[in-house]
Amino acid sequence: MGLGNKSQLLSKIATSDGHGENSPYFDGWKAYDRNPFHPTKNPQGVIQMGLAENQLCFDLIEEWIRNNPKASICTPEGLNQFRDVAIFQDYHGLPEFRNAVANLMSRVRGGRVTFDPDRILMSGGATGANELIMFCLADPGDAFLVPSPYYPAFNRDLCWRTGVRIIPFHTDSSNNFKITEEALEAAYNKAQEENINVKGLIITNPSNPLGTTVDRETLKSLVSFINEKSIHLVCDEIYSATVFRTPGFVSVAEVIQDMDCNRDLIHIIYSLSKDMGFPGFRVGIVYSFNDGVVSCGRKMSSFGLVSSQTQHLLAAFLSDDKFMERYLVESSRRLGKRFDMFTKGLEKVGITCLPSNAGLFCWMDLRSLLKEKTFEAEMLLWRVIINDVKLNVSPGSSFHCVEPGWFRVCFANMDDETVEIALKRIREFAGKETEKKVKVKRWKSNLRLSFSSRRFDETVMSPHSIMSPHSPLVRAT
């Protein structure tokens, strides 16, 4: 059977490229998988700096697990809970788990807002949570506005199986990539003119890939905008506990407490993948103020439930108030220390990053290393960094950034020694590139001087210039 006939046996989703794996964002992961760095077994391998994981406080979590063996049904101390946890659980989730997540969300927001455990919907990681909210809010062909640069896998998470469209509206470095009402309004109006049904706006706060938080006034303006247009606002807040310096994190849940708005339009995505460093546990949360979304989303969560064993363990873990307070403070401190370590290391060779206050990454500015200000030049630079420097960093174009030369670099998924090796590689590469540019600039300068001198010599020494009656030399005689 030919390839064409085989493809006819599959669905349009199965044969489409909607997953987005053809992006440099995922290509970098594949390069790492083919040649992963190891300090002793493969010291010349690719260092993974394209994965936003928070591994800086695993020692604290491991200590808690050792001290609380009853929390797991896989230990002699917790085995008596095995049967209750192993049997069927409905899609509401364990009450103690939902209570613990609601308390964590409130704690991360400084206790300034409380969350109702009965509005918490479970899903398989933030990926599943994002898709779930799309299924609840939009039909195929409907669109959501998203400020760029944005998380590359949004195209997969939000669009691939739902048929929803993303309409980017752009931000740039002129104001440190802040969202403006003018850009948002222009994107909305353009979609209206093209008869596109805009169902909502999606933002990430703190931002991935920028590592910045959205300020209170901007959040208020966004709520006012969606309220006026009667469209939804989905706030992806999965990095809310990664803030490591001022300004602090402000949640949309806090902002709407003081606003007269339609709360049915407000929805929050949360996860334990970034704040706690548990991506493997696949804990995704949808928190909606809309009763219809809660009802529908709870039924849909059947397709991506968090295992009852995971819920059982995390309910105990997140409910330990004394430990959680210590963990959040220490995690913030370590993230800030690692950010400073990395960015100051880059500054030694003149590389700067966007001023950030949150996240597990920095938005690195390599525009000075581009041969020309194009995305083609960005991709050439990225390939050199992947193949020669052996670092998996993610190019800005994969985040739909409108300015070539920006790269997202993750710094929290490795130890200090690996960070130092990565910094050494970057500094050596940047130093060589700068030296090349200096040599080229010097060569061009010398070339111009040579041509200028030659033109002068030809003017003075040419027999035509000497014999010409119009020559300055003839007139001088």
Do any cysteines of the chain lack a neighbour Cys whose Cβ is under 4.7 Å away, and which are they? C57, C74, C136, C159, C235, C261, C296, C401, C410
When N counts the residues of region 189-318, how does its alpha-carbon radius of gyration compare numerically with 2.2 N^0.38 Å, as a ratio? 1.17
Using only Cα positions of region 4-47, each an equal point scatterer, no hydration layer, compute I(q)/I(0) via Debye at q = 0.19, 0.29 Å⁻¹ and quote the log10 values to two decimals. -0.67, -0.93
Limiting things to C-alpha atoms, what are the Rg and the maximum Cα-Cα separation (Dmax) for region 130-224, in angstroms? 13.1, 36
In the neighborhood of F26, defined by Cβ-to-Cβ distances under 12 Å, what is the net charge if each Lys or Arg adds +1 and each Asp or Glu adds -1? -2
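Would you calculate, for the chain, the mean residue ellipticity at 222 nm contributed by helices, counting each DSSP H stretch of 4 or more residues as -39,500 (n - 2.57) and dividing by all residues, to the nearest 500?
It comes out at -13500 deg cm²/dmol, rounded to the nearest 500.
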Separation of the S295 and K30 label points, Cα + 7 Å toward Cβ, nm: 4.5 nm
Please go through the residue pairs K178/K274; K178/K322; K41/K70; K373/K432; K274/K337 and name each one whose alpha carbons sit more than 28 Å apart in this structure. K178/K322; K41/K70
In whole Å, how far is the Cα centre of region 7-31 from that of region 354-401? 23 Å
Can you give the accessible area per residue of the chain, in Å², using a 1.4 Å probe? 49 Å²
When all Cα-Cα pair distances of region 233-309 are considered, the percent exceeding 22 Å is 34 percent
Rounded Å value of the spacing that divides the Cα centres of region 291-308 and region 106-128: 14 Å
Percent of Cα-Cα pairs more than 39 Å apart in the chain, please. 32 percent
Once the cut-off is 16 Å, how many percent of the Cα-Cα pairs in region 5-99 end up in the long-distance tail? 78 percent
For T75 paired with R263, estimate the spin-label separation in nm (one decimal), with each label point 7 Å from Cα along the Cα-to-Cβ line. 3.9 nm
In region 89-174 the accessible area split gives carbon plus sulfur, as whole percent at 1.4 Å, a share of 45 percent
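Taking N as the number of residues in region 99-186, what value does Rg over Cα atoms divided by 2.2 N^0.38 Å take? Before the final figure, lay out the partial values.
Details: Rg = 16.0 Å, N = 88, 2.2 N^0.38 = 12.1 Å.
Rounded to two decimals, the normalised Rg is 1.33.
The values are calculated or read from the model by the stated rules, or taken from the named source; none is laboratory data. Keep in mind it's a predicted model, so treat the numbers as computed, not measured. FYI the Cβ positions are ideal-geometry reconstructions off the backbone, even for glycines, and counts take in every protein chain you see. These accessible areas exclude ligands, DNA and RNA; they are computed on the full protein's heavy atoms, side chains included. Shrake-Rupley method; radii C 1.70, N 1.55, O 1.52, S 1.80 Å.
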